[in-house]
Structure formats: C-alpha cells, structure tokens
1. Can you list the residues, at least 5 places off or on another chain, whose amide H is less than 5 Å from the amide H of residue 350, using H built in the peptide plane?
2. 5 Å is the cut-off here: which amide hydrogens, built 1.01 Å from N in the peptide plane, fall below it relative to residue 373, excluding neighbours closer than 5 in sequence?
3. Could you tell me which of rounded, prolate or oblate describes region 480-627, using a ≥ b ≥ c as the square roots of the eigenvalues of the alpha-carbon gyration tensor, with rounded for a/c under 1.5 and, failing that, prolate when a/b is larger than b/c and oblate otherwise?
4. Farthest toward the dipole's positive end in the chain, which of 481, 374, 110, given Cβ charges of +1 (Lys, Arg) and -1 (Asp, Glu) about the Cα centre?
5. From the cross-link list 300/640; 300/427; 150/299; 38/113, which pairs have alpha carbons spaced over 29 Å apart?
6. Tell me, what is the percent relative contact order of region 240-344, built from C-alpha pairs under 8 Å that lie six or more residues apart?
7. What is the calculated FRET efficiency for residue 226 to residue 417, with r their C-beta to C-beta distance and R₀ = 25 Å, to the nearest 0.05?
8. When DSSP beta bridges are limited to those with both residues in region 830-889, what percentage is antiparallel, rounded to the nearest 5?
Amino acid sequence: MNTRQLPAYDHRQVEADAQALWQSRDAYRVTEDTSRKKFYACSMLPYPSGKLHMGHVRNYTINDMLTRYLRMSGYNVLMPMGWDAFGLPAENAALKNGVPPAQWTYDNIAYMKKQMQAMGLAIDWSREIATCDPSYYKWNQWLFLKMLEKGIAYRKTQVVNWDPVDQTVLANEQVIDGRGWRTGALVEKREIPGYYLKITDYAEELLDQVAHHLPGWPERVRLMQENWIGKSEGVRFAFPHDIRAADGQPIQDGRLYVFTTRADTIMGVTFCAVAPEHPLAQHAAASNEKLAAFIEECKKGGTTEAELALKEKEGLPTGLFVAHPLTGDPVEVWVGNYVLMSYGDGAVMGVPAHDERDFAFAKKYGLPIRQVVAVEGETFSTEAWAEWYGDKQRGITVNSGAFDGQGYKDTVNAVADALAAQGLGEKKTTWRLRDWGVSRQRYWGTPIPIIHCDDCGSVPVPEQDLPVVLPPDCVPDGSGNPLNRRADFLNVACPKCGKPAQRETDTMDTFVDSSWYFMRYCDPTNDQQMVAGGAQYWMPMDQYIGGIEHAILHLLYARFWTKVMRDLGLVQVDEPFVKLLTQGMVLNHIYSRRNDKGGVEYFWPHDVDNVHDEHGKIVGARLKSDGSSVTYEGVGTMSKSKNNGVDPQDLIDRYGADTARLFVMFASPPEQTLEWNDAGVEGAHRFLKRLWTYAQAHREQVAEALPEGLAAELIYAAAPSDVKKLRLEVYRLLQQATYDYERMQYNTVVSACMKLLNTLEGFDAQGHADRHYASWAVHEALGILLRVLYPACPHITHALWQELDYAGQYGDLLDAPWPRVDEGALVQDEVELVLQVNGKHRGSVMVPASADKAAIEAAALASPEFAKFSEGRTAKKVIVVPGRLVNVVV
C-alpha cells in the first residue's frame, strides 16, 4: 500500500493524468463480443458549430453515466460519436468569412472533439464519422440509387421558396416575414423539379409501430409522431362543374375533389376554397387582374402548414361556381391563402358553422353560415365560435333533409352511400404525411448521383463510380449554387451513350445524413458494405438520447430509413431505437434593457446583482459596474444572442470536468429542464474537495481491508453497533442508487453519493475503540462511494481508486464490478422508534429488532424522555406503530 500523503485536490492534474492513461490504453475501444450482453447507447450527433454548449455537456454526461454503469455491470457497451457536418451554417460561415465550408467544418470538428475529450467521455473514437466525408456519404448515394431502382425514390416538380436576388432556394426557416433571411428580398414560390422518397408507402407501418411497439419512448414523442403521420378516415368526393379551359375541355374532368373527415356536415357547405396553384384558381386569374395579383401575393412566404396556420386567413372569390353533389345548388369557389396544393386535392369544402377556420373566413367575408349539427342543451350562434360545434361524438344532424336525426357515424355512412350512388365519392383514408423531398439547391451536402443527358434523360451514376465527390474548395458567395459554375464537377460523359452530359447539382437534405449514421457507427471502416456484421450485432440501439426538438422529423426519417434498409436486406430490425430519452433544456437567467436607439441590449448574469421582493422573488437587477437598473426577463434557453450562455470550456478550466458533470446531473432529472445556478456549481466543486480531503485524512483506515477468506456476515455479526449502523446506511444508499441508475434518474444518484460522504464524515473512524472494525467498515464504504460516484465523476474517483489501492483488490475502476448489496447489513439488531408523548415528538427509543409490543412499551416507559415530559403522570395508554413510533398517552 502506498502511504504517501495525497496533495491538495488539483482538478487539472487529476483529469489530465486520468485521460492520458485511458488514451494510452485505448480504454474505450469496443469490439463485437457474442459472449457478453451488448448495450448500444448513443447521443444524437452534434452539428460542428464551433463550441460545445451546456446542452451538449448534459446530453453526453447522461450517455456517459449510462455507459460506465453498464460496463461495470458486465455489459459490452458501445458509446460512439460523430458529426452532422453538412448543412446551411457552414455556407453562412463561408459567406461571412470567405473560407470554404469544408475548412470551417473540419476546424470546428477538431476543436469540439478536444472539448469532448476534456470532459472524459467514454467514447470509442475509432468509430468516429463525419457526414461530409466521402467515405460516409458514398452510402447515402448508394442507397438513394437502390431506392430509385425500387421506385421508392422518384422525381417530380415541387413548390419551393425562391430568393430572386441570391438566385437560390431557401428553407422555410430562412423566410422571415416573407423575405429572404440574407437579402431581404420578397420570396417567391416556384415550381422546380426535385427528388422525393416515398415515405408515404410506409405510413401505416410507421403509425402502427409508434403507437403500439415503442414502449420505451416518451408518450409525448409518440403522440407527436402519430399526429405528424396524421391518419384520417373520411370521404373523398367531387363537386361537379362545367368550367371549361381555353381548349373547351372541362377542367379536371368537371370535378372539384375535396376530402373531409366530417361528411356529416356536407349539407352545411356554403363555399369551396382552392389553393392559389389550383387549376380553377389559375383559370379564373387569367381574366381577373385582381385575383391574379392576389395569387402572386400568396406565392410570397413559406410553404409549410405551420406557417400558413399562423397567417391571417385571406381570400378572393373566383367568380366560378360548382354544384353541390347532393342538392345541385351552386357553391361559390374562392381562392384561400390557407389552402395547400400539396395537401389532398388542393381544395376544401367550407362549412363555417362547424369548422373554426371556416367560421373565421366566413365572418370576414360575409359568407353564409348554415347549422347542420346540433347538440342538446347548446345554443347555436353565428356571432361567436363555440367548441361544441366540432364535437362529432355529441352532435345530431339537423337541417339536412333525409339525414336528419342521425349521429355522426350513421350520417357519414349514409352520405358516403349517397355520393357513391352518383359516382361522386367514396370512403377513403388519407395521411397528413407527405413524401420526403430530399433535393436541396445548395452546395454543402451530399451530391445527388444523377447525370442529365439530352438523349438519355436522367441517368443514375454507375455504382462503381461512387462516391460522386463534392469539390471541397468551393466558397459560396450568395449568387446561387457554386456547383453550377464548376466545370470540373458539372461536365461529364453520359454513362449510357458517352455523349457530353451534366451532373445533377442539387444536394441531399441533411436529414438524409442523420437518418442512418447510428448504423454506420457499427461498421465505420467497411468500404465494401454500407452495414455489415457490426450492425447485426449492435442494432437495434438500446438507448437513444437527444433533444425534444428532434421528436418528429429526425426520428421519423430515421425510422423510415431503417425500414427501407430492412426491405433491401441490409438490416434485420424493424425499429432503430428501443428506448428514447429526450433530455430537458439548460436554462439561465436573462437580463436586458432598451438602449437609446430602441434596440434591446442583453447582459451577462455575472455582471448584475438581483433585486428581490419581500418574498425573495427576483423582481429586477442592477449592473455591478454602475448600479443602473436592468430588466429581469426570467429564465430561458441559453443563447449567445441573449448573453446567458455558459462556456463549458471556461467551466472545465476553472472547476474541472468532474464538477461540470456533477452539477448538470445533480441539478435536475435528465428529462426535465435544468436551471443554471453558479452557487450550485461551486457546491458541486466543494463536494469533490471534501471527498478528496476525507480520502487523504483516512488513508490509514482505508488501507485495512477485511482479511481475505473471511466471510463478511460472520465478521460483522460481532461488530459494534455504530459500525453496523454505518454499514446499514451505506447499503441502503447503495440499494437506492442502483435502483436509480437502472431508471436513469441520475440526480438522485448524485444525492446518494453526497449522503454517503456525509455518513462517512459522521463516523469517527480514527477515534474508534475498535480500530479494526472501524477501518474495515471505512474501507468498504469508501470503495462503494467511489464506484457509485465514478460514472458521474470518472477522473477524481479514478485517482482515489488508484492511490488508495482499491485497484489491487478489484481491478481498474473502469471495469471494477458494480458493488452488490450485502443483505445481511440491512438486517438490524436494533431499530430506532420515534417517541411521542400525547402525540408530540419528544425523542426516540432504541429497541431490539425482535422486540414485541410489551417490550417496546416497557422501553418507552423506561426512557429518560418519557420521565421528563410526562411530568410524573402515569401512562394511560401506549400506542405502538411497528417499525415507526411509540406514542404514550398520559
């Protein structure tokens, strides 16, 4: 045993030494091992933006704690890491700094990787991938071509946001108030060709499995996925018309189709609304300048349902009429800015009395409102929308002729039959989910492996020519996709006829990159196969960890991609992720005030002093520099723009990675938001220093382990009562911490570690009358504490484990066995009962664990506390609650 004194706790030295040792041993490299139970734990890969933020620290520490705990529990655990490296931010940086996106991206990767290594994460870096590496995106291209062969990928015209100044397509989030984020130009909607993936072919399976086969996912996320997929059962039917095009033919064969889940309200239709791109709208606009101008205005802005939902509902009449399919009455056709051409048939029936959106539209433009559903006891009003209008379970059909008096289901069936009899409609299931458009008119992404030939058309790049490598040295300048100006990339011979042709310059949506990276971790260096034996061993992933912001698209696309790979025989799993944890956001206080120019200026929390009311609530703040007032905005997500972020590197430099890890785990349960607290960080650091000091002060006691070959239960049977009490508390806390590890409640794991140290500090080992028992108990207890704390704080626990020579007994801490609960230690010789006199707490009484009611009564009456508080009165009654308390009534 090394008996030298430990120096004062120096987190820099402790963490550097531990990390150097782990790196020299390649301690986290993992291989497939069929003799051990596998566990695949993965955090969502980050975008290499330049620096880690506290959300990263929290996410990866959760993953790291899980990985280290399971490894100690005997599992073969994989924790990989990579980089979601393609995408718009790199192009924005290129515009700003004049450097190629590739250079900016790889510089950021190098820095962020260094930060991760400083955190001491148990990452197997031999499996690192970057999605901008040709060896990775080759397989994006390969699978795309396989999907093209199977008909899952196809080409069609799409409506996009077009910036006329930058000459480029904008993502929806780049359109701000109808203008391009960079140029400020009014955004136009244009129809251009692009590639789509038939995710709708998998809609039924995606819905069924998320609803019934993912019990390890949060209910909130499952519901979000279900709503996005959006299965609707209803009726598709036509409003007939005789509106003819310039060639004299009826437009769309004389039928305006709509879909509705509320066919029971068909007799309440007072108008129809069509999308601006609808053929009837275009026909009417040809002779109506006002309508044409309105349609052009509708083309400005975003194209998503979410954006249109936030817009004020506006419309214009077309002057056209269609016929009601059951009555033959004329129904006016309007163009509505809230109708999507990409949803259903690009038209909706307007039933103002029973649809909130239609009600608002009808009130705005003075359109008729006709009630056709009634609820007993409710009064219909055309002045204000009432929720009950849309309650299909309570309503009875009225003012609907032959359908009157029926409930929702019966009315829908009757209406469907009536429409079918006329050949105008039928029951149908529709989906909110739309095919996934993967074409992006951008440079920094996976090149779509297609060559366009004047004679042969769109020709797939031959498999042996993959990958189509993106030129890494382009610098976007805001004048469109630079690939269109790269002759060395653009010009190529047609693979079919050999004539001059041109490559496709669209690149793939970056959701493609993140839809299968977790599978590539399993076979990261295989240049012959997309996935191989590694994926067969590791998939499905046992635990996925990431933010709630990815709950819909990323997870949905990853599930779809997995099913396509399964159907192509590449993997054998239906779903990629068994369990999902969506960790909460990291929040901090926000302080601001308006400057002289009317703008908002934000201040760092460390630069202000809070002002509190009489209840201790923060009601304002003052700058430390000059005492001037600033506004307290409450807490919000950490953000550079609001000066309320915390740089993890500064935190690690000042306090160490273990302190940062300990605080983010202790401050809140993993799935809940975490409110930043500088005092809490300092408290975490003080706890680690206390642990270090305790270990140094008790080296002599720790050196004395229980002699080998002796059974603990026999030795400790004769131990003093305070030693037994220490062991009882230690094993109670171990039992609770193990339970909390299993359910990933790491905040209470840290709490158990703090209680363990408190228990040790409260036990007088050095002055104990029985030195051997005291030393054995401290050796045992500290060894348990170090193992329980290790997944959260691997550096300090590793150093103490080595210095105190636990490694000689249990091996390296990385693979030391998880401590087992000694059930014998939980068996108490004596129990402490609360003593009450006349129902008031007056102390406690110790009794043998086997004591019966009579013995407990006798002990209570003989106690000094009873003698003091009974004031000489005799006991009238003694009430015993076994294991808890004894109450003496006098």
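Every read-out reported here was derived from the displayed coordinates using simple, explicitly stated rules and does not represent laboratory data. None of these values were measured; they are calculated from a predicted model. Here Cβ is always computed from backbone atoms with ideal geometry, including for glycine, and neighbour counts include all displayed protein chains.
1. Counting only residues 5 or more places away or on other chains, the set is 270, 271, 272, 273.
2. Amide H to amide H, under 5 Å and 5 or more residues apart or across chains, residue 373 pairs with 398.
3. Numbers: a/c = 4.16, a/b = 1.73, b/c = 2.41.
Cα axes put region 480-627 in the oblate bin.
4. Highest projection toward the positive end goes to 110.
5. Details: 300/640 31 Å; 300/427 35 Å; 150/299 34 Å; 38/113 26 Å.
Long pairs (Cα-Cα over 29 Å): 300/640; 300/427; 150/299.
6. Working: 139 pairs, mean separation 34.3, N = 105.
Relative CO of region 240-344 lands at 33 percent.
7. On the way: r = 30 Å, r/R0 = 1.19.
About 0.25, to the nearest 0.05.
8. Details: 13 of 17 bridges.
Approximately 75 percent, going by the DSSP bridge assignments.
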